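J.: Following this message is one structure expressed as structure tokens.
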Amino acid sequence: MINTAKILFTTDSQVESNSAFMQFTDSHPSEVFLTYLNGECIIIGKTGVVGSTFEDVRMLAGSMAKELQKAEVAFAEVHGKQIIEAFSSLEEVGVITAFVEGWYLGGYDFSTYKSSKEKAQTELQIVKGEKFQASQEKGKLRAEAMAFSRDLMNEIPSVLNPSTYPEILKKEFANTSVDVKVFDKAELEEREMHGVLTVGRGSIHEPAFVELRYRGDESKPLIALVGKGVTFDTGGISLKKGKDISDMRMDMGGSAAVAGAMKLIAATKLKVNVVALIPIVENIPDNTAVIPGDVIHYKNGMHVQVGNTDAEGRLILADGLLRAGELKAKYVVDIATLTGAIVNALGTKLAGVFGDETLANELKTIGEKNGDHVWPMPLVDDYFSYLSSDYADFNNTSGKGQAGSIVAALFLRKFVPENSKWLHIDMAGIMQGEDKGYYAKSATGFGARLLADFTAHVSNEN
């Protein structure tokens with residue numbers, strides 16, 4: 001094991017003054033590489049082709065952390081001034097935060113069920129970094145929140161399910177400024193949360209609904225974050241046809257995003273007023289499961305025909321949106337791994353955002369800075385006719401085979417509180433990442449930073 005490595009960038013004088021180094025650097029295909037200089041272990045990051053955005057900083061830091069972790073290096077040293085000079089076009093404090101955030105996310109590894117020993121994460125030491133202590137701490141907290149979201153998404157269904165998920169959240173937020181309230185099946189019935197009750201009927205695990213409440217500043221408008229918590233989605237009676245649907249344990253990615261956001265909000269003591277609303281179910285076919293053609297009567301008087309039990313996410317989010325209305329939230333953001341259609345539209349690099357156009361564009365700007373990219377999508381009113389039903393107010397799915405993500409958003413809009421500003425984020429395409437930069441080939445943890453930064457943004461405007 002190597003005890004310490006030194007971090008250098010192609011902008012450093014030690015690299016620029018060494019012609020052999022520069023020649024090797026220019027020809028090396030990777031943006032980072034390990035080598036030796038005067039007997040020291042060195043990792044060099046190319047900054048001539050990266051560094052124009054904070055996301056580039058995070059990606060390079062993550063790649064460096066991965067390389068050193070593979071080499072079993074215990075510590076890595078870098079001078080704070082070197083990081084700033086390497087990314088001189090960016091604001092100093094933000095660069096340090098982004099580098100630290102990318103570093104610790106790059107070392108993330110979910111290896112709970114692997115027999116091979118997990119390699120320890122390489123500890124980052126910023127020499128003479130006292131000036132940037134707050135920035136370093138902020139970077140670590142952001143990485144921890146996103147890693148928490150990843151852990152939830154990566155966990156297996158026998159460990160994380162409607163019976164255990166509320167307990168996991170209670171444990172995580174014990175001794176924090178977040179209050180946790182859990183509605184069990186009896187309370188769901190009392191509160192007429194019929195969407196959650198209906199979707200969860202086939203599972204051996206009773207459905208639940210969790211509220212996470214943070215009161216950093218109650219003079220600020222209440223923001224409700226609603227996250228889809230389907231801990232496993234078989235499709236129900238409308239069974240999925242894929243050969244391997246094991247990634248459907250990540251169908252609770254929306255709930256992981258709001259839980260991670262609440263962790264970050266509390267850890268950074270934001271002056272915001274926010275509640276996270278998490279409907280939790282397992283969508284399983286059984287002799288008690290909801291049958292296509294059944295009708296759900298919602299608390300707001302709406303009757304919804306269940307045309308397809310695999311369009312279950314919107315059925316439980318509806319209850320979350322109605323609850324946001326009961327709490328009189330001024331801003332409501334729901335997030336979910338909702339439709340395959342959004343993947344066809346936007347691919348796997350960004351999520352779609354629907355709703356208030358001004359807020360959607362503001363969210364896009366936030367995502368461009370923090371790495372959780374979204375793209376504003378249209379709400380075409382005429383497409384709501386695709387959900388027509390002969391014997392209910394509307395259906396939960398369309399038979400048209402087009403505009404699926406827009407139709408799903410239009411469904412949800414029917415349950416949005418009248419006086420709220422609303423956004424819907426469809427993150428189905430971005431729930432899993434590739435092994436690159438600060439991402440691993442597993443859950444991305446998308447949304448934790450996005451939602452936390454959004455709550456800070458709108459709260460600062462009020």
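J.: Examine the stretch 127-144 for a residue that is in a strand (DSSP E or B), closer than 20 Å to ALA267 by Cβ and either modelled with pLDDT of 95 or more or not hydroxyl-bearing (Ser, Thr, Tyr) (or both), and state whether such a residue exists. Break it down stepwise before answering.
T.: Going residue by residue through the stretch 127-144, those that are in a strand (DSSP E or B) are 127.
The next check asks that each one be closer than 20 Å to ALA267 by Cβ; those that pass are none.
The answer is no; no qualifying residue exists.
J.: I'd like the full set of residues that are at positive phi and free of Cβ contacts under 8 Å to residues at least 40 places away in the same chain, limited to the stretch 397-444.
T.: GLY401
J.: With the requirement that a residue be of a type in the set (Gly, Ala, Ser), under 15 Å from LYS421 (Cα atoms) and in contact with a helix residue (DSSP H, G or I) (Cβ under 7 Å, 6 or more places away or on another chain), what does the stretch 313-346 give you?
T.: Hits for the stretch 313-346: nothing passes.
J.: Also, I was wondering about something else. Identify all residues within the stretch 31-49 that are surrounded by 11 or more Cβ atoms within 10 Å (Cβ to Cβ), at pLDDT 70 or above and either among the aliphatic types (A, V, I, L, M) or assigned to a loop (DSSP other than H, G, I, E, B) (or both); write none if there are none.
T.: Once the filter is applied, which keeps residues that are surrounded by 11 or more Cβ atoms within 10 Å (Cβ to Cβ), at pLDDT 70 or above and either among the aliphatic types (A, V, I, L, M) or assigned to a loop (DSSP other than H, G, I, E, B) (or both), the stretch 31-49 yields GLU31, VAL32, LEU34, LEU37, ILE42, ILE43, ILE44, LYS46, THR47.
J.: Out of the residues in the stretch 387-402 that are crowded, with 20+ Cβ neighbours inside 10 Å and farther than 12 Å from ALA318 by Cβ, state the one that is farthest from the chain's Cα centre (by Cα).
T.: The residue in question is ALA392.
J.: Let me ask something else about it. Step by step: first the residues of the stretch 403-447, then only those that are part of a strand (DSSP E or B) and farther than 22 Å from ALA224 by Cβ, then the one that is most open to solvent (accessible area, probe 1.4 Å). Which residue is that?
T.: Step one: filter the stretch 403-447 for residues part of a strand (DSSP E or B), giving 421-426, 432, 436, 439, 443.
Still in the running and farther than 22 Å from ALA224 by Cβ: 432, 436, 439, 443.
Numbers: GLN432: 75, LYS436: 118, TYR439: 39, ALA443: 1 Å².
By that ranking, first place goes to LYS436.
J.: Taking the conditions exactly as written (surrounded by fewer than 20 Cβ atoms within 10 Å (Cβ to Cβ), out of contact with any Cys (no Cβ under 8 Å at 6 or more places or on another chain) and free of Cβ contacts under 8 Å to residues at least 40 places away in the same chain), does GLU461 satisfy them or not?
T.: On the way: surrounded by fewer than 20 Cβ atoms within 10 Å (Cβ to Cβ): yes; out of contact with any Cys (no Cβ under 8 Å at 6 or more places or on another chain): yes; free of Cβ contacts under 8 Å to residues at least 40 places away in the same chain: yes.
Spelling it out, GLU461 is indeed surrounded by fewer than 20 Cβ atoms within 10 Å (Cβ to Cβ), out of contact with any Cys (no Cβ under 8 Å at 6 or more places or on another chain) and free of Cβ contacts under 8 Å to residues at least 40 places away in the same chain.
J.: Restricting attention to the stretch 50-85, which residues are at positive phi and open to solvent by 30 Å² or more (accessible area, probe 1.4 Å)? Can you show your working first?
T.: Pass one, the stretch 50-85, residues at positive phi: 51, 72.
Passing the criteria: only GLU72.
Quick grid of which residues meet (1) within 19 Å of GLY371 (Cα to Cα); (2) of a type in the set (Gly, Ala, Ser):
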| site | (1), (2) |
| --- | --- |
| ALA71 | no, yes |
| ALA86 | no, yes |
| GLY94 | yes, yes |
| THR97 | yes, no |
| GLU101 | yes, no |
| LEU105 | yes, no |
| GLU123 | no, no |
| ILE126 | no, no |
| LYS131 | no, no |
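J.: Among strands (runs of 3 or more DSSP E) lying entirely in the stretch 153-250, which contain 1 or more residues that are open to solvent by 10 Å² or more (accessible area, probe 1.4 Å), touching a helix residue (DSSP H, G or I) at 6+ places or on another chain (Cβ under 6 Å) and modelled with pLDDT of 95 or more? Steps first, please.
T.: Working: elements: 178-183, 208-215, 222-227, 229-233.
Where strands (runs of 3 or more DSSP E) fall fully within the stretch 153-250 and carry at least 1 residues being open to solvent by 10 Å² or more (accessible area, probe 1.4 Å), touching a helix residue (DSSP H, G or I) at 6+ places or on another chain (Cβ under 6 Å) and modelled with pLDDT of 95 or more, they are 178-183, 208-215, 229-233.
J.: Please indicate, with yes or no, whether at least one residue in the stretch 105-122 is open to solvent by 10 Å² or more (accessible area, probe 1.4 Å), outside any loop (DSSP other than H, G, I, E, B) and in contact (Cβ under 8 Å) with a residue 40 or more places away in the chain.
T.: Step one: list which residues in the stretch 105-122 are open to solvent by 10 Å² or more (accessible area, probe 1.4 Å), which gives 108-121.
Checking the rest, the ones that are also outside any loop (DSSP other than H, G, I, E, B) come to none.
Among the residues of the stretch 105-122, not one is open to solvent by 10 Å² or more (accessible area, probe 1.4 Å), outside any loop (DSSP other than H, G, I, E, B) and in contact (Cβ under 8 Å) with a residue 40 or more places away in the chain, which makes the answer no.
J.: Something else about it: Taking SER52, is it small (Gly, Ala, Ser), modelled with pLDDT of 95 or more and in contact with a Phe, Trp or Tyr (Cβ under 9 Å, 6 or more places away or on another chain)? It would help to see each step written out before you state the result.
T.: Values: small (Gly, Ala, Ser): yes; modelled with pLDDT of 95 or more: no; in contact with a Phe, Trp or Tyr (Cβ under 9 Å, 6 or more places away or on another chain): yes.
Here the answer is no, as SER52 does not meet what is asked.
The values are calculated or read from the model by the stated rules, or taken from the named source; none is laboratory data. Remember, it's a predicted structure, so these values are computed and weren't measured experimentally. Every residue, glycine among them, receives a Cβ derived from its backbone with ideal geometry; neighbour counts consider all protein chains shown. Just so you know, the surface numbers come from the protein's heavy atoms only, side chains and all, with ligands and any DNA or RNA stripped out. Shrake-Rupley method; radii C 1.70, N 1.55, O 1.52, S 1.80 Å.
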